Amino acid sequence: MSPIQQCIKNKDLKVKPIWIMRQAGRYLPEFRKIREKNSNFIELCLNKKLVPEITLQPLKRFDFDAAIIFSDILMVPYGLNQDVRFEKGYGPKLGELNLDLIEKVEIEYFEKRLSPIYQSIEEVKKNNLVLNKDLIGFIGAPWTVLFYMLNKKSPKKEINFNKFLNDEIMVKKLITILEKFLKIHIKKQVDSGSTIIQIFDSWAGLLNNKQLEELVYEPTKRLVDYTKSLGVPVICFPRGIKDYKIFEKETKPDVLNIDYMVDPNQISRDISCVIQGGLDPKFLLMEKTDMKKEAIKYLKIFEEKPYIFNLGHGVLPETNPEMVDYLVKLVKEYGK
Ligand code: 1CP
């Protein structure tokens, strides 16, 4: 059994596995080299030769316990025929959303549009670098994907969601459609060889309690149950929410990824499922001694808990890969 599965299924406290969010990406010079030659990000995510290569790049350098397929949460709106572009220095830009057209998208059409992703997962799976390791597939949670589809850009640029949330009928319809296609996307990734699914809810922190109930807990719970029914563990990352305890109670994931804003001591007391993550990615920009101190803090707090080491959000593009190397070795040496 892989170290992460040992941690999740056997609650083994001796293994403290590690992988990091955005481990395949811009902090790696070998990724930037590929990216320079491939300016269309969506096309890159559909490139069956390059996606496996990029996915495996971090595993060639570091002894991570999992690979995560190089893709994006916005591939689902793309699969549903909404225009999605990534502009340099701006981030994602989505096109007009036509609910009537989206309601008519057929399953076969969606699966065909995203089929290169599934073929890339199959390809990665064949590689020896993932032997006895996990291959993580992922989706954006319904709320976060809906948010991008309606806001059409990152909330870092502009947020006007109260405007669209007022149209309750439209929001309900879109959530239902998304739930259906996110399930398909989960199933296809699992069928192709993903051994874990992570659900990213990057903008859960924008909502109040009533909105969380309807837009986050309820739809997420159904996706968690669905993933479990496929026999695969599910990790949830409701970034920025105030109360992880309620989230755990309402959605019951196998693993909860925490952000760096929450107090890990409190989490350790409140949460009963497996914990993942927490370390502020900014520590990887500091001196090694500072980072070591902070990483050890997390390892100590979660010493008596099943814990998967990871960050509290994605690794920053300006991170020196040498710091990642140092971190991985530190975690692997801890407690030996
Ligand atoms: O070179 C570039 O400019 C592309 C940068 C990039 C990369 C490397 C984007 C654009 N997406 C990705 C890959 C990606 N995205 C992965 C790959 C696997 C890995 O972790 O190594 C994953 C898991 C994601 C998930 C993702 N995409 C999330 C959820 C996690 C998070 O960071 O909160 C979100 C919100 C997105 C949307 C997205 N994709 C890319 C950008 C710039 C954004 C917008 C972020 C924002 O709104 O600020």
What are the residues in the stretch 280-313 that are under 13 Å from Pro264 (Cβ atoms), free of Cβ contacts under 8 Å to residues at least 60 places away in the same chain and part of a helix (DSSP H, G or I), if any? Glu294, Ala295, Ile296, Lys297, Tyr298, Lys300, Ile301
Scope the stretch 39-69; condition charged (D, E, K, R) and crowded, with 18+ Cβ neighbours inside 10 Å; matching residues: Glu53, Asp65
Could we say that Gln57 is closer than 30 Å to Pro306 by Cβ, assigned to a helix (DSSP H, G or I) and not aliphatic (A, V, I, L, M) here? yes
Selection from the stretch 3-16 of residues that are in a loop (DSSP other than H, G, I, E, B) and within 16 Å of the ligand (Cβ to nearest atom): none
Being among the β-branched types (Val, Ile, Thr), more than 19 Å from Phe200 (Cα to Cα) and within 16 Å of the ligand (Cβ to nearest atom) is the filter here; which residues of the stretch 295-330 pass it? Thr319, Val324, Val328
Suppose we filter the stretch 68-107 for residues that are among the β-branched types (Val, Ile, Thr), away from the ligand (no atom under 12 Å from the Cβ) and either in a helix (DSSP H, G or I) or under 22 Å from the mean Cα position of the chain (by Cα) (or both); how many remain? 2
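Residue by residue, here is whether (1) more than 16 Å from the ligand (Cβ to nearest atom); (2) under 19 Å from the mean Cα position of the chain (by Cα); (3) of a type outside the set (A, V, I, L, M); (4) buried (at least 16 other Cβ atoms within 10 Å of the Cβ) holds:
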{"residue": "Ser154", "(1), (2), (3), (4)": "no, yes, yes, yes"}
{"residue": "Phe161", "(1), (2), (3), (4)": "no, no, yes, yes"}
{"residue": "Leu165", "(1), (2), (3), (4)": "yes, no, no, yes"}
{"residue": "Thr176", "(1), (2), (3), (4)": "yes, no, yes, no"}
{"residue": "Glu179", "(1), (2), (3), (4)": "yes, yes, yes, yes"}
{"residue": "Lys183", "(1), (2), (3), (4)": "yes, yes, yes, yes"}
{"residue": "Lys188", "(1), (2), (3), (4)": "yes, yes, yes, yes"}
Take Ser229 and tell me if it is loosely packed, with under 15 Cβ neighbours inside 10 Å and either of a type outside the set (Phe, Trp, Tyr) or on the phi < 0 side of the Ramachandran plot (or both). yes
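Residues being among the β-branched types (Val, Ile, Thr) and either more than 20 Å from Gln119 (Cα to Cα) or more than 20 Å from the chain's Cα centre (by Cα) (or both): count how many of those fall in the stretch 25-67. Spell out how you get there, then give the answer.
Pass one, the stretch 25-67, residues among the β-branched types (Val, Ile, Thr): 34, 42, 51, 54-55.
Those left that are additionally either more than 20 Å from Gln119 (Cα to Cα) or more than 20 Å from the chain's Cα centre (by Cα) (or both): 34.
Matching residues across the stretch 25-67 total 1.
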Filter the stretch 113-152 for residues that are hydrophobic (A, V, I, L, M, F, W, C) and in a strand (DSSP E or B); which is nearest to the ligand (Cβ to nearest atom)? Phe138
Complete set of residues in the stretch 266-301 that are surrounded by fewer than 16 Cβ atoms within 10 Å (Cβ to Cβ) and among the β-branched types (Val, Ile, Thr): Thr289, Ile296
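Does the stretch 18-38 contain at least one residue that is among the hydroxyl-bearing types (Ser, Thr, Tyr) and more than 9 Å from the ligand (Cβ to nearest atom)? Let's see the steps before the verdict.
First, the residues of the stretch 18-38 that are among the hydroxyl-bearing types (Ser, Thr, Tyr): 27.
From the residues that got through so far, the ones that are more than 9 Å from the ligand (Cβ to nearest atom) too are 27.
Yes, there is a match, as at least one residue in the stretch 18-38 is among the hydroxyl-bearing types (Ser, Thr, Tyr) and more than 9 Å from the ligand (Cβ to nearest atom).
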Enumeration of residues in the stretch 156-206 that are polar (S, T, N, Q), in contact (Cβ under 8 Å) with a residue 40 or more places away in the chain and not in a loop (DSSP other than H, G, I, E, B): Gln189, Ser192, Gln198
Go through Asp100, Asp72 for me and flag whichever is charged (D, E, K, R) and buried (at least 18 other Cβ atoms within 10 Å of the Cβ). Asp72
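Every number here is computed from the coordinates shown, using simple stated rules; none is lab data. Note that the coordinates shown come from a computational prediction; the quantities given were computed from them, not determined experimentally. Heads up, the Cβs are rebuilt from the backbone with ideal geometry, glycines too, and the neighbour counts pull from every protein chain shown.
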